[in-house]
1. Within the stretch 74-89, restricting attention to residues that are charged (D, E, K, R) and open to solvent by less than 30 Å² (accessible area, probe 1.4 Å), which residue is farthest from residue 33 (Cα to Cα)?
2. Is there a residue being within 12 Å of the chain's Cα centre (by Cα), surrounded by fewer than 21 Cβ atoms within 10 Å (Cβ to Cβ) and without any contact (Cβ under 8 Å) to a residue 60 or more places away in the chain anywhere in the stretch 54-73?
3. Might you let me know whether the stretch 110-120 holds any residue that is open to solvent by 40 Å² or more (accessible area, probe 1.4 Å) and within 23 Å of residue 149 (Cα to Cα)?
4. Show the residue pairs that are 6+ apart or on different chains and have beta-carbon atoms under 8 Å apart, the first residue being within the stretch 108-123 and within 11 Å of residue 95 (Cα to Cα) and without any contact (Cβ under 8 Å) to a residue 40 or more places away in the chain, the second being surrounded by fewer than 24 Cβ atoms within 10 Å (Cβ to Cβ) and among the acidic types (Asp, Glu).
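The values are calculated or read from the model by the stated rules, or taken from the named source; none is laboratory data. Just so it is clear, the model here is predicted, and its values are computed rather than measured. Because the Cβ atoms are built from the backbone with ideal geometry, glycine has one as well, and the counts that use them run over all protein chains shown. Ligands, DNA and RNA are stripped out before the accessible areas are found, and what is left, the full protein with its side chains, is counted by its heavy atoms. Shrake-Rupley method; radii C 1.70, N 1.55, O 1.52, S 1.80 Å.
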Amino acid sequence: MKAEYLLIALLCVGAPKLLAAPLVQGGKPAGEFVLPDPAAGAEVFATNDVRDWIEKITGAEVPILNGPSPRANTKVFVGSAYAENFQEDLARLADNDGFAVRRVRNHVYVFGSRPRGTLYGLYALLEKNTDLIFARPNEQFGTIYGETANLELTETDFIDIPVFLIRQFGPNWPK
């Protein structure tokens, strides 16, 4: 009986590593962001900003592409153009600024029914998979984060539907 509990405990401890989608390994990109062509301004802005934060955290500049590369790596697909397999989520996100993050093998999908929702989803993906805290809007002391050579996406299956229809954040992106 003790051996069974030990096995279960070991599986629970190791499960996040088995389920992780590596984005940066050893300070080098192990994945890519994929934007649709054309991409909405909010999607481009958020993808670039999230990539910049990942570079500060890991030292790696994860590529941003306008189509998936043939590499067998982690791909973060940005926007509803890539969400055709998530119709139920898109229906739940209709007419609000919510977002969903979903994963199929090493493909992570971040989308909202509006580009602004996708923007919020990219920041949520960053916050859930790093120790980054946007404490204050001040460049010198407002954001707190640790540095690491590896970034694995382990929190990749969630949806957020706000109670209110429209959020206001940073630039007032159009719907």
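1. 89
2. Just the residues of the stretch 54-73 that are within 12 Å of the chain's Cα centre (by Cα), to begin with: 54.
Restricting the remaining residues to those that are surrounded by fewer than 21 Cβ atoms within 10 Å (Cβ to Cβ) gives none.
Looking through the stretch 54-73, none of the residues is within 12 Å of the chain's Cα centre (by Cα), surrounded by fewer than 21 Cβ atoms within 10 Å (Cβ to Cβ) and without any contact (Cβ under 8 Å) to a residue 60 or more places away in the chain.
3. Within the stretch 110-120, not a single residue is open to solvent by 40 Å² or more (accessible area, probe 1.4 Å) and within 23 Å of residue 149 (Cα to Cα).
4. Close Cβ pairs satisfying both conditions: 113/95.
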